[in-house]
Amino acid sequence: MANPSILILAGDGIGPEVMAEVKKIIGWFGNRRGIIFDVTEDLVGGCAYDVHGTPLTDATMAKAQEVDAVLLGAVGGPKYDVLDFSVKPERGLLRLRKEMDLFSNLRPAQCFDALADFSSLKKDVVAGLDIVIVRELTSGVYFGEPRGIVIEDNERVGINTQRYTESEIARVARSAFELARRRNNKVCSMEKANVMESGILWRQVVQEVHDKEYSDVDLSHMYADAGAMQLCRWPKQFDVIVTDNLFGDLLSDMAAMLTGSLGMLPSASLGSLMENGRPKALYEPVHGSAPDIAGQCKANPIACVLSFAMALRYSFDMGDEATRVEKAVEKVLADGVRTADLMGLEGGKPVSTSQMGDAIVAVLDASL
Ligand code: IPM
Ligand code: MG
């Protein structure tokens, strides 16, 4: 059987730095576990624009469609702010999501015990937190037409369209219900049905899918603004949250801070099943390219490492190996190893990006 294949798109800013640590772990699997991945690397985002004049070439897009999993670092940076919208680094990422049809974006927010003191929220609010936001990723206001900046009555008008078909809502709802069944069997759906027709339809379709196919799952609905408030007030009331593209973007950044640092949050973006029975998939940290600290070996690679662990679980059926990586991260944190973003009030000296990676690999070694 062919080795599992991975396309690495490290991207911009801290992307290449955090991805270097994932490459160490991929290497570790080859050397120590005999699990060999066929890895190819390519460009996405600003670095692709610098070379090709586009944030994602057709050739790279085609490669992404062929591999078992894509690992992405981050895209964007101030240097590219002046570019035309159509070639901005972010467009490369959005094209991957759209053309691979990665409609279900899983963003787990888990608070490791060692970091419970570190969140800006009180310890008892976040300790033991384990929730997943399922964000719709291929539709909604990110992609809806019409869009643009036009002139009307002698002034500029910015237009974006929030648009969801019932099949788009139903498929992401199913993925949230399936996930909930493997967890604590609870789904909370968030929209703004009080002010948006797309929200009314969202609520109806989620309820219908539930009643027809998943009535064993405990389903509730919340307006997204109230949901944001509840996420801060008592996040442990949630298990799986399902929401649209834009609300999911906001709510997942907020959920990240519950865990102590945006540098901790992995994500998996999954599409429909391929011939081999696995979903098309792209894995990326939730954090962005962090231009302010890029190139300084300060970035926390854990979100990217945990994204690779998600790949092991969802693309390669290696749940035990995924757990091994997650446990290694947990152990390293418990041992007090901290990158700069995780330095609490207690002070101390932060480790570099690569020292954090080495510490994880050392625990992996010890796990054998
Ligand atoms: C995210 C990011 C992206 C988004 C950007 C980089 C396009 O914020 O993945 O959350 O808005 O979806
Ligand atoms: Mg975001």
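The values are calculated or read from the model by the stated rules, or taken from the named source; none is laboratory data. Only a predicted model underlies this, so the values are computations on that prediction, with no experimental measurement involved. Quick reminder, even Gly has a Cβ in these numbers, built from the backbone with ideal geometry, and neighbours come from all protein chains shown. Ligands, DNA and RNA are stripped out before the accessible areas are found, and what is left, the full protein with its side chains, is counted by its heavy atoms. Shrake-Rupley method; radii C 1.70, N 1.55, O 1.52, S 1.80 Å.
Sorting 252-262, 211-221 by average packing, meaning the other beta carbons within 10 Å per residue, from highest down gives 252-262, 211-221.
The coefficient of translational diffusion for the chain, derived via Stokes-Einstein from the alpha carbon Kirkwood radius under 37 °C and 0.692 mPa s, stands at 156 µm²/s. Entry for region 232-368 at q = 0.12 Å⁻¹: log10 I(q)/I(0) = -0.55, Debye formula applied to identical alpha-carbon scatterers, no solvent contribution. The spacing between region 180-203 and region 207-265, judged by their C-alpha centroids, is 9 Å. Take the Cβ atoms of residue 122 and residue 197, set R0 to 45 Å, and the FRET efficiency comes out at 0.70.
The packing ranking, built from the mean of other Cβ atoms within 10 Å per residue, places the peptides 148-161, 102-115 in the order 102-115, 148-161, highest first. In a solvent-free Debye calculation with one equal scatterer on each Cα, what is log10 I(q)/I(0) for region 130-258 at q = 0.14, 0.15, 0.18 Å⁻¹, listed in the order of the q values? Debye curve over Cα of region 130-258, log10 I(q)/I(0) at q = 0.14, 0.15, 0.18 Å⁻¹: -0.60, -0.68, -0.93.
Subtracting the Cα-Cα distance of residue 355 and residue 32 from their residue separation scaled by 0.36 nm leaves 114.3 nm.
List, in the order given, every pair from 186/212; 23/123; 123/331 whose Cα-Cα distance in the structure shown is over 26 Å. Distance filter (> 26 Å) returns 23/123.
Across q = 0.18, 0.21 Å⁻¹, region 72-199 modelled as identical point scatterers on its alpha-carbon atoms has Debye log10 I(q)/I(0) values of -1.17, -1.25, in the order of the q list.
Label separation (residue 52 vs residue 65): 1.3 nm, computed from points 7 Å beyond Cα along the C-beta direction.
Accessible surface area normalised per residue over the chain is 43 Å², counting heavy atoms of protein chains with a 1.4 Å rolling probe. Length gained on full extension, residue 86 to residue 170: 27.2 nm, using 0.36 nm per residue less the C-alpha separation.
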